[in-house]
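*Asks:* Can you keep this structure in mind? I'll have questions shortly.
The values are calculated or read from the model by the stated rules, or taken from the named source; none is laboratory data. The model shown is predicted, which means the values in this text are computed figures rather than measured ones. Positions of Cβ are backbone-derived with ideal geometry, glycine not excepted, and every protein chain shown enters the neighbour counts.
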Amino acid sequence: MKKTVTFVWSIFLLVFISIDMNAQSIKSWDYPIKPGTEAWQALSTHEDMLKACQIPAEILKTVSTEELIELCLAYPLLGDIFAYNGIQEGISKVSARFNGLQELFKRKDNASLLFEKMKKQELLKAGVLTSIEIGNEISRQMVIEALLSNETILSNTNNLLQQEISSEAVKRLLYKQNNPDIYGQYGLKTVVYLLGRSLERIDNKTITPKFKQFTIDEKLTGSNVIEELLKQYIVTFNKLRS
């Protein structure tokens, strides 16, 4: 069931699905029809949009995983991910109808390359970007964090990569917490999920009841799941060092 989004996040979604941030990064193929064009406006149904945005089979067979990630991030309907009760539910729903994500989930190097992509993203600073640019960058960060925390993708990580992901997630989480005017509370959800899932991969016994509840409802209000995960991160890494 789709949820009601606030006015701010409605604008956020419009920004996200209408601006092509990855066009310059894509070399082998690009979407022939994009939002904002006359051809896109001529599509009368969502089903027509879905059909128009599938990646040709011959491209999926030959495209590198790095470029496939860029194609997935440029998917014109990727903003649908945020239209469901939870972001992971959104990824599941969108991937069921988009062959680009389906192919990405099959790649064995998907986790390592998504992690490298995430590390290269600069965390946002106040007063540098416009509100539209901020909304678009936050959306990209959240999508990459959400994809990396997906169980299918995390299954391609070894223990060392899991530790690196956890440490990067903590760094990003603390920064976002300290910049609420930029990220708000909603912008924390995907990195909280990523931290919890990566810690779970390292040691399943470390997962707290509050995080298990968060995986169900993705609610941060009234929950101290962040504090519990940060404490558990310290405990887990102290064990690894002992």
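*Asks:* Take the residues in the range 183-210 that are modelled with pLDDT under 90 and not polar (S, T, N, Q); name whichever of them is surrounded by the most Cβ atoms within 10 Å (Cβ to Cβ).
*Replies:* Ile207
*Asks:* Another question, if that's okay. Can you run down the residue pairs with Cβ atoms below 7 Å, 6 or more apart or on separate chains, where the first is in the range 183-202 and hydrophobic (A, V, I, L, M, F, W, C) and the partner is outside any helix (DSSP H, G or I) and at pLDDT 95 or above?
*Replies:* Between residues of the range 183-202 that are hydrophobic (A, V, I, L, M, F, W, C) and residues that are outside any helix (DSSP H, G or I) and at pLDDT 95 or above, the close pairs are Leu194/Ser149.
*Asks:* Is at least one residue of the range 210-222 touching a helix residue (DSSP H, G or I) at 6+ places or on another chain (Cβ under 8 Å), touching a residue at least 40 places away in the same chain (Cβ under 8 Å) and among the basic types (Lys, Arg)?
*Replies:* Looking through the range 210-222, none of the residues is touching a helix residue (DSSP H, G or I) at 6+ places or on another chain (Cβ under 8 Å), touching a residue at least 40 places away in the same chain (Cβ under 8 Å) and among the basic types (Lys, Arg).
*Asks:* Also, quick follow-up: Tell me, please, whether a residue that is without any contact (Cβ under 8 Å) to a residue 24 or more places away in the chain and crowded, with 20+ Cβ neighbours inside 10 Å can be found in the range 229-236.
*Replies:* no
*Asks:* Applying the selection to the range 153-182, what residues are surrounded by fewer than 20 Cβ atoms within 10 Å (Cβ to Cβ), more than 17 Å from Ile234 (Cα to Cα) and among the charged types (D, E, K, R)?
*Replies:* Result: Asp181, single match.
*Asks:* Do we find that Glu133 is in contact with a Phe, Trp or Tyr (Cβ under 8 Å, 6 or more places away or on another chain) and either more than 18 Å from Val192 (Cα to Cα) or at pLDDT 95 or above (or both) in this structure?
*Replies:* no
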